[in-house]
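Readers should treat all values here as calculations from the given coordinates under stated rules, not as data from a laboratory. The shown structure was predicted, so the numbers you read here are calculated from the model rather than taken from an experiment. As a convention, Cβ positions derive from the backbone with ideal geometry for all residues, glycine included, and neighbour counts pool all protein chains shown.
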Amino acid sequence: MLSPNSVSWRVFRNPIALFVGGVAAVILELAEPSIRAGIWEHSSFRRDPVGRLQRTGLAAMTTVFGPRSVAESMIARVVRMHSTVMGTTRSGASYSASDAKLLTWVHATAGYGFGHAYSRYVAPLSAEEFDNLYREAAPIAQLYGADDAPPSSAALKAYFTAMAPRLEASSVIFEFLQIMRTAPAIPRLLRWLQPVLIGGAVDLLPEALRERLGLGARYGLRCYQRPILKLAGALADRIVLTNSPASQACIRLGLPATYLHAGLHFQLEQAAPEAPAYTSKV
């Protein structure tokens with residue numbers, strides 16, 4: 001769907017940025033009452049959090065690295081699934097997963113989460129690169145039905161300000177964070193890092209919104225954890241997984257598997273044929 005030289009390819013190839021950014025995006029989505037009801041009442045997240053992460057991760061990888069025909073077919077299936085999801089929030093408001101306004105918030109939070117996770121914990125993005133990242137995502141958002149996804153940093157900031165009155169604290173957010181701390185979402189040998197990733201996601205939230213949601217200092221990173229997370233993000237950017245969606249997309253386009261890692265020197269072969277489970281939100 002996107003060019004190998006896009007900012008999206010650079011951001012989405014990094015599993016640390018995707019995990020941290022994906023968790024931050026879900027926190028923001030759960031702060032919106034209608035989306036919270038849709039996720040918590042109609043998805044399999046509580047029953048099978050890892051399976052849900054894998055499916056949403058595969059969808060995210062397909063939209064960025066997959067051929068256009070495959071990506072559009074996958075998006076069409078998701079849109080059909082969304083058309084069946086509807087209900088009523090605890091306050092009595094009706095909602096539908098096909099509501100363009102709700103879809104816009106989902107896609108805006110995903111762009112914010114992934115971009116800021118990469119910029120803070122992997123390598124800084126310039127203002128122009130942030131704008132390019134959001135601009136690249138806009139046509140994909142439209143395919144999902146999010147017609148007004150912010151196409152720039154300025155538009156995203158204004159949109160977050162406009163959405164702030166709709167966002168609220170909820171016990172569901174804390175339940176989600178607890179699930180994410182304990183679910184076997186990353187390889188066993190790296191499981192000790194999982195709470196650090198969750199804290200990094202909380203730290204990405206705008207300060208005023210974090211206070212609004214009741215996510216105090218104990219939910220974020222400790223001072224000693226920040227360099228650990230940055231080191232993990234930098235190392236993840238230097239490892240070439242030849243069976244990853246990014247490397248396979250390079251090969252499909254006639255490029256070397258290491259195209260996105262020019263000048264980097266760690267190369268690993270994955271034992272399993274499946275693509276790794278990246279975290280994202282569809």
Read phi for every residue in the stretch 62-70 and hand back ³J(HN,Hα) as whole Hz from Karplus 6.51 cos²θ - 1.76 cosθ + 1.60, θ = phi - 60°, with x for Gly and Pro.
5, 5, 8, 9, x, x, 4, 4, 5
Determine the sum of side-chain charges near VAL196: Lys and Arg each +1, Asp and Glu each -1, restricted to other residues whose C-beta is under 12 angstrom from that of VAL196.
+4
Each residue of the stretch 206-218 in turn: what ³J(HN,Hα) in whole Hz from Karplus with 6.51, -1.76, 1.60 and θ = phi - 60°, glycine and Pro shown as x?
x, 4, 5, 5, 4, 5, 4, 8, x, 9, x, 4, 5
Around LEU229, what is the net charge, scoring Lys/Arg as +1 and Asp/Glu as -1 over all other residues with Cβ under 10 Å from its Cβ?
+2
Show me 57-66, 199-208 ranked by packing, highest mean number of other Cβ atoms within 10 Å first.
57-66, 199-208
Would you mind working out the magnitude of the charge dipole of the chain relative to its Cα centre, with +1 at each Lys and Arg C-beta and -1 at each Asp and Glu C-beta, to the nearest 20 Debye?
600
The stretch 22-95: which trypsin sites (Lys or Arg not before Pro) are DSSP loop and have at most 16 other beta-carbon atoms within 10 angstrom?
ARG46, ARG47, ARG90
Cβ crowding within 10 Å averaged over residues, with 186-194, 92-100, 17-25 ranked highest first
17-25, 92-100, 186-194
Let me check I've understood the local charge: for VAL64, count other residues with C-beta under 12 angstrom from its C-beta, Lys and Arg +1, Asp and Glu -1. What total comes out?
+2
What is the distance in Å between the Cα centres of the stretch 124-195 and the stretch 1-58?
8
Over 32 Å, how big is the tail of the calculated P(r) for the stretch 7-268, in percent of all Cα pairs?
18
So the FRET efficiency between ARG252 and ALA100, C-beta based with R0 = 41 Å and rounded to 0.05, is 0.80
So, with +1 on the Cβ of K and R and -1 on the Cβ of D and E, and no other charges, what is the size of the charge dipole of the stretch 33-116 about its Cα centre, to the nearest 20 debye?
140
Put +1 on the Cβ of each Lys and Arg and -1 on the Cβ of each Asp and Glu in the stretch 7-268; which of TYR112, ALA249, GLN142 then has its Cα farthest toward the positive end of the dipole?
ALA249
Out of residues 5 or more away from VAL240 or on other chains, whose amide H comes under 5 Å of its own, with H placed 1.01 Å from N in the peptide plane?
PHE266, GLN267, LEU268
Got the relative contact order for the chain handy, in percent, Cα pairs under 8 Å and 6 or more residues apart?
31
